[in-house]
Amino acid sequence: RPGSGSRQQDPLGGADGLALASDPGGTLNFLAMVENLQGDSGRGYYLEMLIGTPPQALNILVDTGSSNFAVAGVPDPDVTSYFNTELSSTYKSQGIDVTVKYSQGSWTGVLGTDVITIPKGIYGSYTINIATILESENFFLPGVKWHGILGLAYDALAKPSSSVETFFDSLVRQAKIPNIFSLQMCGAGLPVSGSGTNGGSLVLGGIEPSLYKGDIWYTPVKEEWYYQVEILKLEVGGQNLELDCREYNADKAIVDSGTTLLRLPQKVFSAVVQAIARTSLIQEFSSGFWTGSQLACWDKTERPWSLFPKLSIYLRDENSSRSFRISILPQLYIQPILGIGENLQCYRFGISSSTNALVIGATVMEGFYVIFDRAQRRVGFAVSPCAEVDGSPVSEIEGPFTTADVASNCVSSISFHEPVLWIASYALMSLCGIILLVLIILLLIPPRCQHRYTDNDVVNDESSLVRHRWK
């Protein structure tokens, strides 16, 4: 166990230690939420939900990297079930269209409200904002067993605006549960796109003690949009990459259950690959394996994980002068994906490069019980009992460590960009003045010459990570 720097959670769980751990007669019964998820790291973990009156059962992808609750609203070739609003007496359309576009895929839906219940969740029915997906492209994919997405991030990411109350905010307000949830995904060492029946748990309103071992270590949420955290350094095989800590947080570092891989900024990714290749016992390795375009195959009697090093991520502790590290063994990032014949098992590299974030996705999260303590603005990590392969743990947490060797702030602050922002502000003001002048002129032109732009309901969400989820 960690020493004096440990972050021990109240055994009853909850943001303030007041949540009831097991209260069969009340709103919260955390034991009832154990094993309420199914799925796999390649296609996501999902929760069964009952929507509407009479209830329609749908499987909903659990995603801490977005904030909309959206479900298939019409038949789709890749979806086995959908929510038929016409069959629900309690559905109310808000008449607001929303289109979310990605570089690879999109969906268009209509916002409405309806009642939901969660069979293996909190007791009761609650009225929730729901986007029914009417058209989609490359969003629902062949083989997925879910029919919608449950965004559990902050309202700042909600579309079309932050005024749309998120699913979890609605639960906290209506069920009066603590503003905290926790997540365990159990897929360590299993095929990333297997049967889709790996277990997992989404605990709404607190923490279930049976889902973790040892102590919980907390790191502050830097900004409430994604679950943005501060990463101080990375080690491969115990060796520090020796990069400026701001490289790890360019342009943000987030915890996202809807992303399958550990995604690293390009400079960090290159350094990690070089360090793994240098410390690995394999002399020659195809570059296609590192970039994700090729698989590596071994005889099924072999355990290739012994050839690769441990990977450690250092996070700032709540006490900013200290840090702790979460480590994953190669069983989590060298992932079985395909069997060939009777003798070969092929693996993929569970780490990829990213242009806009460091993303702690399922590759890492499957090693831990992760607590999203929104009330105290922090994310907690504890070792997960299900993160074992062949009876041995494949994840570790250690600390505390001093932060004397890193900068006091590894996240670029707004003040760093203030001169640029002032210039940009003046430029935008000038541009607005020109546009206003043009609009005045257009108003004076006879109506037959005017051209009216009507596509004003489109929300272009290029920053979203949905496009990376199922690589």
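Protein-only accessible surface at a 1.4 angstrom probe places the residues 78, 114 in the order 78, 114, largest first. A straight Cα-to-Cα reach below 17 Å connects residue 300 with the aspartates and glutamates 342, 390, residues fewer than 8 places away in its own chain not being considered.
Computed with a 1.4 Å probe on the full set of protein chains, the accessible area for residue 340 sits at about 80 Å². Among the GluC sites (Glu not before Pro) found in segment 339-392, those both in a DSSP coil and sparsely packed, with 16 or fewer other Cβ atoms within 10 Å of their Cβ, are 342. Here's the list of lysines a cross-link from residue 159 could span, going by alpha-carbon distance under 28 Å and ignoring same-chain residues fewer than 8 apart: 92, 101, 120, 145, 176, 222, 252, 471. Ranking of 390, 244 by solvent-accessible surface, largest first: 390, 244 (1.4 Å probe, protein heavy atoms only, all chains present). Residue 76 exposes around 40 Å² of accessible area when a 1.4 Å probe is run over every protein chain in place. Spacing of the modelled spin labels on residue 213 and residue 299, each 7 Å from Cα toward Cβ, amounts to 3.1 nm. Mean projection of the Cα convex hull over all viewing directions, computed for segment 226-335: 7.9 nm². Can you pull out the chymotrypsin sites (Phe, Trp or Tyr not before Pro) in segment 307-337 whose DSSP state is coil and whose Cβ has at most 11 other Cβ atoms within 10 Å? Sites meeting the loop and neighbour criteria: none at all. Each listed q (0.10, 0.11, 0.17, 0.18 Å⁻¹) maps to a log10 I(q)/I(0) for segment 98-213, found by the Debye formula over equal Cα scatterers with no solvent: -0.39, -0.47, -1.10, -1.19.
Extension gain, residue 279 to residue 163: 0.36 nm times the residue separation minus the Cα-Cα distance gives 36.8 nm.
The residue 431 and residue 306 beta-carbon pair, evaluated with R₀ = 41 Å, returns a calculated FRET efficiency of approximately 0.10. Heavy-atom accessible area for residue 107, with the other protein chains in place and a 1.4 Å probe, reaches approximately 10 Å². Annotation note: GluC sites (Glu not before Pro) in segment 206-299 located in DSSP loop regions with a Cβ neighbour count of at most 13 within 10 Å are 242, 284. Restricting the calculation to alpha carbons of segment 212-416 gives Rg and Dmax of 16.9, 59 angstrom.
The values are calculated or read from the model by the stated rules, or taken from the named source; none is laboratory data. In this text, all values refer to a predicted model and were calculated from it rather than measured experimentally. Methodologically, a virtual Cβ is constructed for each residue, glycine included, from the backbone with ideal geometry; neighbour enumeration extends over all protein chains shown. Note: accessible area is taken over every heavy atom of the protein model, side chains too, but ligands, DNA and RNA are not part of it. Shrake-Rupley method; radii C 1.70, N 1.55, O 1.52, S 1.80 Å.
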